[in-house]
Structure formats: C-alpha cells, structure tokens
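The values are calculated or read from the model by the stated rules, or taken from the named source; none is laboratory data. Since this is a predicted model, take the numbers as computed values, not measurements. Here the Cβ positions follow ideal geometry from the backbone for every residue, glycine too, while neighbour counts run over all protein chains shown.
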C-alpha cells in the first residue's frame, strides 16, 4: 500500500486529483491519510482502503467509484476538516449520544466537530504566528515522517486565531489519585504524553492498551479499560 500512496503523492504534486467533485493536491493528501489512521479497527481500515483506492484511480486517470462513507469524509475535509467520527461510530450510536437523529449529518457533523476542536486547541496554548517556524518544523521532520510531516507540523488556523489564551497552562502535580488511560500507538495523543501525565500526580495509575492505535480508549476497546469507567 505504501508504494501506492507514494505514487498518489507523486501524481498529486504534478496535478490535482479529483475525487467526488473536489480537487486535492499534494498538500491535502497527508491530512487525509492522518485522518484515516486515527483508528486501527476494521471499519476505519475499510475507509482507509476506500480512500487509497479512490485516489489511486484518480492518479491513474480512472473515475473513482462513488461510496457514501468516503463522500462524507471528503466533503467534511473540503468544507471543514477531517474527522472519522461519522465512520467509526454507527449512526444509531451517534444519534443516542446527540439526543436525536443525526442521520444525514455527513459533512456538516464533521465540520462542526472539527470547528469545536479548533476552538479548544487554539484557546489552550498560543501558536506561533511566524510562517517560517512551520516550514522549519516540516523540513526538520520530513526525513523521519516523509508521508505525514506536512500534516503534523504545518501551519493551522491557530496561527490566525483572533484571541490569545486567557489563562496560563494548568500545571498538574502532587498526589492526586487520578487514573490515566492510554493507547500505546495513539497518533493523536502520543503515548509519551500519557506517561508524563501519569508521573506528574504521584498517586495516579496508568492503564495502557498495548499495540493499539486508537484515540480514545474508553468505549469497549478492552475489558480492563471498560471496567475503569
């Protein structure tokens, strides 16, 4: 699959790839790949495979086959940002959590969630407003992360956020009896951060889901983590 991804990147660097009516260039693809790697479950893997196949077809000059799951992801990315919530959780479960029917929410649901996430992140820690800082970060990490460095280290809306954080970062320490639950391969919240958080409150406990790539361990991924709820 990596050879296919590299070929998609090469073609997208020369011309945009059109999937479901949206043109995507090489700068868009790393974010799409990262969005699809948020989970290691069967359904997320299916969405990843569908996405790779669609862009591979576009790179080869074929018309990608339409798929409702992929349509929602791509429309959400084009209008508001990537998120796999609609694909990882069944619609019935999302409706129950939202207190009503969210069927057909599609890109609007994805865009709304991404907007809320940005508001939290941009209001949490100030981001550099110097574009060159991000370019330097990308160059520094490109060798180790050749396919996703531009998605991880690139400039974000936080650099243009109209307000600065109102409060200083909260420092966690002491003998707070906290419980920290983490997945070892989480690519949204790196495991090293969970270990550091566990060490700060000296009375805390850390439950680790080994060899798991998932953002959000609660929800039935393991009997051990479920028992801590």
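Miscellaneous remarks
- Of all residues in region 184-212, those satisfying the criterion of being assigned to a helix (DSSP H, G or I) and either touching a helix residue (DSSP H, G or I) at 6+ places or on another chain (Cβ under 7 Å) or closer than 27 Å to residue 148 by Cβ (or both) are 191, 192, 193, 194, 195, 196, 197, 198.
- Boolean, residue 144 is closer than 25 Å to residue 31 by Cβ, at pLDDT 85 or above and out of contact with any helix residue (DSSP H, G or I) (no Cβ under 9 Å at 6 or more places or on another chain): yes
- Test: residue in region 176-183 that is in a loop (DSSP other than H, G, I, E, B) and either on the phi > 0 side of the Ramachandran plot or within 20 Å of the chain's Cα centre (by Cα) (or both): no
- Residue satisfying condition, being at pLDDT below 65 and either assigned to a helix (DSSP H, G or I) or assigned by TED's automatic domain parsing to the domain that holds residue 153 (or both), within set 78, 56: 78
- Residue within region 170-180 that is surrounded by 14 or more Cβ atoms within 10 Å (Cβ to Cβ) and touching a strand residue (DSSP E or B) at 6+ places or on another chain (Cβ under 8 Å) present: yes
- For residue 116, the criteria (1) in contact (Cβ under 8 Å) with a residue 24 or more places away in the chain; (2) out of contact with any helix residue (DSSP H, G or I) (no Cβ under 8 Å at 6 or more places or on another chain); (3) in a helix (DSSP H, G or I); (4) within 22 Å of residue 32 (Cβ to Cβ) hold in every case but one, which is (1).
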